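Any read-out appearing in this document is the output of simple, stated calculations on the displayed coordinates, not a laboratory observation. Worth saying up front: this structure is predicted, and the values here are computed from it rather than measured. Backbone-built Cβ (ideal geometry, glycine too); neighbour counts: all protein chains shown.
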Amino acid sequence: MNHFTNNRNKFAQYMEENSVAVVFAGQAPYKRGDEKYPFSPDRNFYYLTGIDRENCILFMSNTTKGFETKLYIPRDNGYLAKWVGANMTVEEAKEISGITDVSFVDLFQSDFAEFVFKYNIDTLWLDLENRDWNALPTAALSFAKEVQGKYPSLILDNSYPIFSDLRLIKDGWELERMHRAMKITEEGFLAMMSLVRPGMKEYEIEAYFDFVLTKRGVRQKAFQTIAASGERGCILHYTENNQTTKDGDLILVDAGAQVDWYNGDITRTFPVNGKFSDQQKLVYNIVLEGHRKVVETIQPGVPFARLNEVLREHYVEALTEIGLITEPEELNKYYYHGVSHYLGAETHDIGRYIDRELQAGMVLTVEPGLYIEEWNIGIRIEDDVLVTDEGSEILTIDMIRTVEEIESYMAKGRMK
């Protein structure tokens, strides 16, 4: 069975009779003039179809006829193909998605109206996620508003929680792509560690990572790379990457490759001169020990929130021992983010956190950090971890992470 057909069948289990679901691929906004931002497909649409083209619509229904699926794509773009490339054909759409009923987007509205009337549809499923009051409305939110005006009796139901549950558990097809993204990410990190020198700009170091990705055919990164040297390592989402590294600086790099829209996400902190100072080594090993304790905690049935509790307990003990804090609440000055998030088709993949217990098939990041501004030290160590039936598996296990491994590898790079 086509991978995406299987995903649609999973979604269908949530649809009661006399209901329909609509999922939009999305559209890249314009920068200015006739230039657009790069297109990135709505991940729920991609999860159900495998198609990463703009302005497509997926229509699913559950009626007395059973579960049916129809895909709407843009028509042949004719002469415009000479400028921007040809639109996807019906045959290509069928082959990728496994959907046999394919039509054109200009027919969607009339088809929708006819279908709702003909089959007495009472429920419409739409992805109504909206986490920012001031954000521009998505295609689904705009469609919901229009539908409410034309069909006031139609019940709108939110499909976002369904996607959150379905996408939380990765199958073999997804894990294969994530493995590839992680391996390319690892290669990019090793290039940076080998070639970094004091006095380089942060963006020069980032460029070594980018070169590896481009060489491996990766056209999109998982997110904008963080390459934060010195005191900038204490800024969680520093992305300017335009300062000069100094001898004695650490550089914190948080980066990831993307393969078929699935992501790797790794962070390593390493000395630009190849050697950790004693103080840097002390803090690094505290973070690394926290990393180990969190990974050992991961297994099915453990509350997600427990992972951060384990790390905070470790930090309070360790930082008290070295005299950095005297009261547990002082930890907030040096550690101010969660230790984990879901990873998949989005770097911060969708899914509930607050009341969630870990399940086999989840992929999590483990990324303990400590940020001590008065010592000019920001350290984070991040790996990608699969929850298994027995416990956990570090998917990025081959990426060096101890002080000794990093110093040894960087020393070899300086001999070239």
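Peptides 325-331, 256-262 ordered by packing proxy, namely the average of other Cβ atoms within 10 Å per residue, highest first: 256-262, 325-331.
With semi-axes defined as the square roots of five times the eigenvalues of the C-alpha gyration tensor, the equivalent ellipsoid of segment 1-159 measures 26, 20, 15 Å, largest first. Percent of Cα pairs in segment 210-288 per distance bin of 5 Å, from zero to the largest separation: 3, 15, 21, 22, 17, 13, 7, 2, 0. Histogrammed with a bin width of 5 Å, the alpha carbon distances of segment 169-414 distribute as 1, 7, 14, 18, 20, 17, 13, 7, 2, 0, 0 percent, first bin at zero.
Placing dummy labels 7 Å off each Cα toward the beta-carbon, the span from residue 402 to residue 145 is 5.8 nm. Estimated translational diffusion coefficient (Stokes-Einstein, Kirkwood radius over Cα pairs, 20 °C, 1.002 mPa s) of segment 300-364: 160 µm² per second.
Straight-line cross-link partners of residue 70 among the lysines, defined as a Cα under 18 Å from its Cα and at least 8 positions apart when in the same chain: 10, 94, 118.
The separation of segment 243-260 from segment 40-55, counted between C-alpha centres, amounts to 30 Å. Partner lysines whose Cα lies under 28 Å from the Cα of residue 275, excluding those fewer than 8 positions away in the same chain, are identified as 183, 201, 246, 293, 333, 412, 416. Equivalent ellipsoid of segment 57-96: semi-axes from √(5λ) of the C-alpha gyration tensor, largest first, are 30, 9, 6 Å.
The fraction of all Cα pairs in segment 176-218 landing in successive 5 Å bins from 0 to the largest distance is 5, 25, 30, 18, 12, 6, 2, 0, given as whole percents. Here is how the number arises for the chain: DSSP H runs of 4 or more residues each give -39500 (n - 2.57), the sum is divided by the residue count, and the result at 222 nm is -11000 deg cm²/dmol.
The convex hull defined by the C-alpha atoms of segment 1-90 has an orientation-averaged projected area of 7.1 nm².
Here r is the Cβ-Cβ distance between residue 354 and residue 203 and R0 is 25 Å; the resulting FRET efficiency, rounded to 0.05, is 0.10.
In this label model, residue 17 and residue 329 are separated by 5.9 nm, measuring between points 7 Å along each Cα→Cβ vector. Each residue of segment 317-413 gets 169 Å³ once the volume of the Cα convex hull is shared out per residue. Placing unit charges on each Cβ (+1 for Lys and Arg, -1 for Asp and Glu) gives segment 169-414 a dipole about its Cα centre, and among 402, 243, 288 the Cα reaching farthest toward its positive end belongs to 243.
The distance from the alpha carbon centre of segment 339-377 to that of segment 270-299 is 17 Å, rounded to a whole number. Kirkwood analysis of segment 142-243, using all unique Cα-Cα pairs, places the hydrodynamic radius at 17.4 Å. In summary, the chain shows an alpha-carbon radius of gyration equal to 1.11 times the 2.2 N^0.38 Å reference for compact globular proteins. Sorted on the mean count of surrounding Cβ atoms within 10 Å across their residues, most packed first, peptides 199-208, 128-137 read 199-208, 128-137. Comparing 360, 224, 212 along the charge dipole axis of segment 169-414, the residue lying farthest to the positive side is 212, per the Cβ-charge model.
Projecting the Cα positions of 40, 113, 83 onto the charge dipole of the chain (unit charges on Cβ atoms of Lys, Arg, Asp and Glu, taken about the Cα centre) puts 83 furthest along the positive direction. Most tightly packed first, judged by the mean number of other beta-carbon atoms within 10 Å of their residues, the peptides 29-41, 222-234, 395-407, 111-123 read 222-234, 395-407, 111-123, 29-41.
Across every pair of non-identical alpha carbons in segment 72-207, the mean reciprocal distance, once inverted, gives a Kirkwood radius of 20.2 Å.
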